[in-house]
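The values are calculated or read from the model by the stated rules, or taken from the named source; none is laboratory data. Worth saying up front: this structure is predicted, and the values here are computed from it rather than measured. Here the Cβ positions follow ideal geometry from the backbone for every residue, glycine too, while neighbour counts run over all protein chains shown.
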Amino acid sequence: MVRKLLEHRFVSLVFPDRCCSCDRLLPDSDDFRAGRLADFCQFCLEQFSDPQSPSCPKCGVQGKLEVGADDCALCRRPGLCFVRGVAVGNYRGILKQQVLRMKREGNEILAFQFGRLLGEALLNNNLNDVDTVVPVPTHWWRRFKTGFHAADIICDGIRQKTGFKKNNRLLRYTRRTSKQGKLTTAQRFANVDGALRIGRGIVKGKTVLVVDDVMTSGATAAQATQTLLAAGANRVYMAVAARGAGLS
Ligand SMILES: [Zn+2]
Ligand SMILES: [Zn+2]
């Protein structure tokens, strides 16, 4: 990871910086040089999310809420008891392509830059009281197959932007689960029910930020949140690269 980032920085010194999503040249501004902006061009950022669009105040999914509702239907599912969540945008269009590319190619730089965007979103939403950042764990054989753990690298990007401490051993699987992608919502909740436990680290009284690549049904988020709260966490926030869309 560090070597790749150093390589990326070295290449940036020799060649002009390019958007890590679409490869367009980035503006040669002081903010980019100082690393204050994530390495995405304006075009891609506008495709990822529309700041003018209404969004769920709890999970950040973009789209119109039902009349009179405080949050989206997905957030009202039982067990989704995290306090607040942030997402780079909805899981569609260019963001969906890039999240799939990140996972398919083991693209650490992309995961790291999504993390930096999420770090900025957390600070902009005053979610700055995080004690511990924890990735949703991955099974070792899945990590072996893909070569890296996207949620863990997203945490690194968040940490670089915010200074929050990461503990990637705080959550552990108790058993093997199926991949969530092809399951129905009910099957997803059953698949991860009781599948997480606390690993190494202190949870009691802490504010914990759980990080995942995509949140769709919220089953994994619910399981992680319940596990942490049962162990005495004070509150739980969520951060995901993309929020599976359920709103129009
Ligand atoms: Zn771009
Ligand atoms: Zn929501």
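A few remarks follow.
- Meets criteria (out of contact with any Cys (no Cβ under 7 Å at 6 or more places or on another chain) and either under 22 Å from Ala233 (Cα atoms) or at pLDDT below 85 (or both)) for Phe82: yes
- Filter pass, Asp193 being free of Cβ contacts under 8 Å to residues at least 60 places away in the same chain and of a type in the set (Asp, Glu): yes
- If you go through region 45-80 and keep only what is free of Cβ contacts under 8 Å to residues at least 40 places away in the same chain, part of a loop (DSSP other than H, G, I, E, B) and within 29 Å of Leu25 (Cα to Cα), you end up with Asp50, Pro51, Gln52, Ser53.
- Any hit, region 136-147, residues being farther than 17 Å from Val192 by Cβ, within 14 Å of the chain's Cα centre (by Cα) and surrounded by 20 or more Cβ atoms within 10 Å (Cβ to Cβ): no
- Pick from region 160-184, criterion β-branched (Val, Ile, Thr) and surrounded by 14 or more Cβ atoms within 10 Å (Cβ to Cβ), ranking: farthest from Phe114 (Cα to Cα): Thr177
- Any pair with Cβ under 6 angstrom, 6 or more apart, that starts in region 167-185 at a residue that is within 13 Å of Trp141 (Cβ to Cβ) and among the hydroxyl-bearing types (Ser, Thr, Tyr) and ends at one that is in a loop (DSSP other than H, G, I, E, B) and modelled with pLDDT of 90 or more: Tyr173/Pro137
- Elements of type strands (runs of 3 or more DSSP E) contained in region 188-246, each with 1 or more residues being over 19 Å from the mean Cα position of the chain (by Cα) and more than 15 Å from ligand 2 (Cβ to nearest atom): 196-198
- In region 81-104, the residues that are of a type in the set (Ser, Thr, Tyr) form Cβ pairs under 7 Å with partners that are part of a helix (DSSP H, G or I) and crowded, with 17+ Cβ neighbours inside 10 Å, at six or more places apart or across chains, as follows: Tyr91/Val99.
- Test for Phe40: is it modelled with pLDDT of 85 or more and either under 30 Å from Arg143 (Cα atoms) or in contact with a Leu (Cβ under 6 Å, 6 or more places away or on another chain) (or both): yes
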